[in-house]
């Protein structure tokens, strides 16, 4: 008999669907004769860390559950990459994963094949993102845009040398000019031109 962990999540704007998710998952677990070991209800934006989902992952790591049951994939994963990473970890732990709406059941061979396809698409998504970033950098350089951190301390080199010659300590120079001590040391280490 499988021990299942239910995970329901809604955004702060969609709290009405929480009871619907829980009811559907409980009915599904009953049909499969699964025992509900953990039930997580999380409310919050998809952009923030899902603390309660992490509690469910901890239960999986402790072998307290055999299956994670969710309403929809987007309720579980913050992104395709996050989804693939967590599904891979669950698979390595020997914990199944079922998404009701998508009829994705990783406790079956067909479901595991679908998970493999998801990982292929996640890698494809990462490669496209890398290509876009590279293209953006090349285009910015072509237009003459300076990349990287601005040279704030270098602009104050003459003031740094002036204060240093006046006997002001490096720490005090950094405080007065509102720059880091390392920047002061780096500029003073260069020879005067």
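The values are calculated or read from the model by the stated rules, or taken from the named source; none is laboratory data. What you see is a predicted model; the values in this text were computed from it and never measured. Cβ sites come from the backbone with ideal geometry, for glycine too, and all protein chains shown count toward neighbours.
Counting only helices (runs of 4 or more DSSP H) that fall entirely inside the range 63-164 and contain at least 2 residues that are over 21 Å from the mean Cα position of the chain (by Cα) and loosely packed, with under 11 Cβ neighbours inside 10 Å, the qualifying elements are 109-142. Residues considered: 63, 50. Of these, the only one that is modelled with pLDDT of 90 or more, in the same structural domain as residue 102 (by TED's automatic domain parsing) and touching a helix residue (DSSP H, G or I) at 6+ places or on another chain (Cβ under 9 Å) is 63.
Here residue 9 fulfils each of the conditions (1) over 24 Å from residue 129 (Cβ atoms); (2) surrounded by fewer than 17 Cβ atoms within 10 Å (Cβ to Cβ) apart from (2).
Scanning the range 165-189 for residues that are over 30 Å from residue 136 (Cβ atoms), within 35 Å of the chain's Cα centre (by Cα) and not in a helix (DSSP H, G or I) gives a single hit, 178.
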